[in-house]
Amino acid sequence: MSTPGDPDQRVETTLARTRDLVQSVPYVILATCNGPTVSTRQVQPLSIDDDMAIWVGTSPRSRKVAEITDTAQATVAVEHFDAFAYASVACDAQLVVDLEERTHRWVEELRPFFPDGPEGDDFVLIRLTPHSIELMDFSMDITPAPYGLVPAVIKRIDGEWRPASHPRGA
């Protein structure tokens, strides 16, 4: 992917590698905004759907829930140190309180944080639906020109993923 190549293949490669990165690490960084302040924290992705939606569990009383309620936006950042790779995934963020969905996404590793499980009133889900992905991965040669200075970028436009340019170039 260091050369232009087929646009559809670039999109598929970027989506597949981003999915692999998110699934390869136990935790990602979730960034939200509180006015001019960016808040970041480590979260555990519970799953990633075919449409690339990333699911996270949390308390409805958390700062991230308050900030997502205000903005409906968040960014997920993931790094794979050994591959010298990262992805930054800008998302629409939605709180999900549906019990059936909470039960479906529940993992027992969360029980120490949420003793009442998915049925408890202290557990909600955040559905993070990507609309833009930036990816750089030297191990997979995903390094658009100029080499290593800008990431590969794809954006979801009218429901379709398309290659895009980095807004600031090199």
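The values are calculated or read from the model by the stated rules, or taken from the named source; none is laboratory data. Everything numeric here is computed off the predicted structure, so don't read it as measured data. Note that we place each Cβ from the backbone using ideal geometry, even for glycine, and neighbour counts take in every protein chain shown. Accessible surface is based on the protein model in full, side chains and every heavy atom, while ligands, DNA and RNA are left aside. Shrake-Rupley method; radii C 1.70, N 1.55, O 1.52, S 1.80 Å.
Just a few scattered comments:
- Within the set Val107, Val124, the sole residue that is more than 17 Å from the chain's Cα centre (by Cα), of a type outside the set (Asp, Glu) and under 30 Å from Asp158 (Cβ atoms) turns out to be Val124.
- Count of residues meeting criterion [part of a strand (DSSP E or B) and surrounded by fewer than 16 Cβ atoms within 10 Å (Cβ to Cβ)] in region 66-86: 2
- Put simply, of Asp49, Asp70 the only residue that is within 14 Å of the chain's Cα centre (by Cα) and at pLDDT 95 or above is Asp49.
- Residues that are part of a strand (DSSP E or B) and open to solvent by 60 Å² or more (accessible area, probe 1.4 Å) within region 34-65 comprise Asn34, Thr37, Val38, Thr40, Gln42, listed in sequence order.
- Every residue from region 96-152 that is surrounded by fewer than 12 Cβ atoms within 10 Å (Cβ to Cβ) and among the acidic types (Asp, Glu): Asp98, Glu100, Glu108, Glu109, Asp116, Glu119, Asp121, Asp141
- Scanning region 16-33 for residues that are in a helix (DSSP H, G or I) and aliphatic (A, V, I, L, M) turns up Ala16, Leu21, Val22.
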